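K.L.:
One structure coming up, written as C-alpha cells, with questions to follow.
Where a number appears in this text, it was derived from the coordinates with a stated rule and is not lab data. Because the structure is a prediction, the values reported are computed rather than measured. Because the Cβ atoms are built from the backbone with ideal geometry, glycine has one as well, and the counts that use them run over all protein chains shown.
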Amino acid sequence: MTTAATKGLEGIIAGDTQICSVEQGALIYRGYEIHDLADHATFEEVAHLLLVGHKPDAKELRFFKDELIANRALPTQVIDYLHGAGPMLKEGTAVPMDVLRTGVSILGNLDKDSQDNSPGANLRKAKRLTAKIPTIIGHMQTIIDGKGLIAPNTGGDANLCHAANLLYLMTGAKPNAEYTKVLDVSLILYAEHDYNASTFASRVISATLSDMHGAVTGAIAALKGPLHGGANEAAMDMLSEIRRDIGPVNDRAKIEAWMHKAFADKRKLMGFGHRVYKNGDHRAPILHGLGRRVAEQRGPEFVGLFELGERVQQIMNDEKNIKPNVDFPCGMAYFTMGIPVPQYTPIFVASRITGWAAHIMEQHANNRLIRPIASYTGPALREWNG
Ligand SMILES: CC(C)(COP(=O)(O)OP(=O)(O)OC[C@H]1O[C@@H](n2cnc3c(N)ncnc32)[C@H](O)[C@@H]1OP(=O)(O)O)[C@@H](O)C(=O)NCCC(=O)NCCS
C-alpha cells in the first residue's frame, strides 16, 4: 500500500547537489550569486566554474577557451545530417530543437569517448558538446536561410568569444558589443538551475549508467516543452499574437481585454510563473534591463515591444500576482536582436549544456539508480478470464 503522490513532485527533495542552489532568496552557482556572475563574469568563466568546479585563473581560462575554440567544428556526418534536415525544417515536421537533439545524438555516435563514463572522459565530452552545439545551431540557421555555412572548417572565428561566435555562425556578420553582451549574459543566466525538469531527466538517464550524449539528448527533449525551456519561444509568440490582435498601439484597455479572455479561456501566459520562484525570478529583471537598452538603440518598434511586455507584466501582477520568469524578457531581447524565434530554445541548450554536463558528472561520481515508486490508482485485482 502506497501513500498519495505529490503531483509534479512539488517541494520534494530528490537528491543532493554541490552545483547550484535555487531559492526565492538567491540563485547561486557553486557559491557565486547570479547578479555577481551576470555583472562580472563571462559565459566561458561560468562554464569553467560549472564543468571543472572552480573559478578559473587567467591561465586556466585561456586554456579552457582554446579548447572550446579548437572543438567548434562539426564532423562531416553532422553537417550532412543538417543539410538533410533542411527540407524537414521547411516542411515543419521538425523544429530546430528536434534537429539539435538528433545532431547531439550523432555527435555521440562519433565520439571516441562515448561509452566511457569516467570523470576525465565525461569532462572531455562536456567541453566538446559545449563547443559544438552553437555550431549546430549556426549551421542549421544558415541552411534554413538558404545561405552557405559560415566557417564550416573551424566552426567560426577564433577571435570571437562563445556568445559572439554563436551570433556570427547564425548570420555571417560579426555582432556588436551590445548584442554580444546580451547574449553572453543570457547564456550565464540560463546555464544552471538545480533539479529543473531537463536536468532531472539527464540525472535519471545517467543514473542508469547510460552515457553523457544519451543523457543530453534526453535533456534536450525535456527542455523543448513550453512549460520549460520552450517558454522563451512561446512567450515571444504570445506577444506577437497580442500585437496582431490589438494593433500597433499599446492600449491598456485592449491589452487587459486580451488578457481577460486568456484568463477566461484558462490559458497559461507563457513566460510567467515558476515552480520555485513565486515572488519573482532573479534572472528576469537582469535580462529585461539589458534587452530594453538594446531596444532603445534599435528604435520605437522594439521599445514598443518592451512597453507591451511591461504592461502585460503589470496586469499579470495586479490581477494574478504572478511574476515573469527569465523566458519572458529573453523572448523580447532575442527578438530585438533579430534572432529567429525557433532558435531561442536551442540557444538555451547552448548554455544549459554546461549545467546538464555538471549534473551528469556529479551523478556518475556518486551514483545510485533513481527509481521512485508510484501510487497505484488503476482497477482493483480482476481475472483475465473472469
Ligand atoms: C512554470 C509553471 C509550469 C509552474 O507550474 P506549477 O508550479 O505547477 O504552478 P501551477 O500550474 O500549479 O500554478 C499555480 C496557479 O497559478 C496559475 N498560473 C501559474 N502560471 C501561470 C501562467 N503562466 N499563466 C496563468 N496562470 C498561471 C495556475 O493556473 C494555478 O492557478 P490555480 O491555482 O487557480 O489553478 C507554470 O507557471 C507555467 O505553466 N508557466 C508558463 C510556462 C513558462 O513560462 N514556463 C517556464 C518556466 S521557467
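K.L.:
So for each of 212-225, 313-326, 348-361 I average, over its residues, the number of other beta carbons within 10 Å; can you give me the resulting order with the highest mean first?
P.N.:
In descending order of packing, they fall as 348-361, 212-225, 313-326.
K.L.:
Turning to a different aspect of this structure: Near K261, which lysines are there with a Cα under 24 Å away, not counting those fewer than 8 places off in the same chain?
P.N.:
Qualifying lysines at Cα under 24 Å: K278, K320, K323.
K.L.:
Lys/Arg Cβ at +1, Asp/Glu Cβ at -1, dipole of the chain taken about the Cα centre: which of H213, F306, F328 is farthest positive-ward?
P.N.:
Farthest towards the positive end: H213.
K.L.:
Here is a further query. Pairs to check: K132/K181; K55/K127; K112/K132. Give those whose C-alpha atoms are more than 18 Å from each other in this structure.
P.N.:
Working: K132/K181 21 Å; K55/K127 16 Å; K112/K132 15 Å.
Violating the 18 Å Cα-Cα cut-off are K132/K181.
K.L.:
Quick check: net charge around P75, other residues with Cβ under 13 Å of its Cβ, Lys/Arg +1 and Asp/Glu -1?
P.N.:
Details: positive: R72, K112, R128, K132; negative: D80, D111.
With Lys, Arg at +1 and Asp, Glu at -1, the net is +2.
K.L.:
In debye, nearest 20: dipole of the stretch 250-386 around its Cα centre with unit charges on the Cβ of K, R (+) and D, E (-)? Spell out each step's value before the answer.
P.N.:
Details: 19 positive and 13 negative charges, 70 e Å.
Taking the Cα centre of the stretch 250-386 as origin, the dipole is about 340 debye.
K.L.:
A further question on this structure: How big is the Cα convex hull of the chain in projection, averaged over all directions, in nm²? It would help to have the intermediate numbers written out before the result.
P.N.:
Working: hull surface 90.8 nm².
With every direction weighted equally, the projected area is 22.7 nm².
K.L.:
Also, I was wondering about something else. What number comes out for the charge environment of D111, summing +1 per Lys or Arg and -1 per Asp or Glu over other residues with Cβ under 12 Å away? Walk me through the intermediate numbers first.
P.N.:
Numbers: positive: K112, R124, K125, K127, R128, K132; negative: D113, D116, D211.
So the surrounding residues net to +3.
K.L.:
Identify the residues of the stretch 327-361 with backbone N under 20 Å of a label point that sits 7 angstrom from the Cα of I246 along the Cα-to-Cβ direction, or state none.
P.N.:
327-336
K.L.:
With each run of n ≥ 4 DSSP H residues scored as -39500 (n - 2.57), what mean residue ellipticity at 222 nm is computed for the chain after dividing by its residue count and rounding to the nearest 500 deg cm²/dmol?
P.N.:
Values: 16 runs with 232 residues, N = 386.
Value at 222 nm, helices only: -19500 deg cm²/dmol.
K.L.:
What net charge do the residues around G172 carry, taking every other residue with its C-beta under 10 Å from that of G172, with Lys and Arg at +1 and Asp and Glu at -1? Mind dumping the intermediate values first?
P.N.:
Details: positive: K147, K174; negative: D145.
Taking every Cβ under 10 Å from that of G172, the sum is +1.
K.L.:
Run the paramagnetic zone check for N321: 7 angstrom along Cα to Cβ, then residues of the stretch 270-297 with backbone nitrogen under 17 Å.
P.N.:
Those under the cut-off are 273-281.
K.L.:
Sort 253-266, 68-81, 159-172 for me by packing, meaning the mean count of neighbouring Cβ atoms within 10 Å per residue, highest on top. Spell out each step's value before the answer.
P.N.:
Numbers: 253-266: 12.9, 68-81: 17.5, 159-172: 21.6.
Highest mean packing first, the order is 159-172, 68-81, 253-266.
K.L.:
Starting at 0 and stepping by 5 Å, how many percent of the alpha carbon pairs of the stretch 231-336 end up in each bin?
P.N.:
Distribution as computed: 2, 13, 25, 27, 21, 9, 2, 0 percent.
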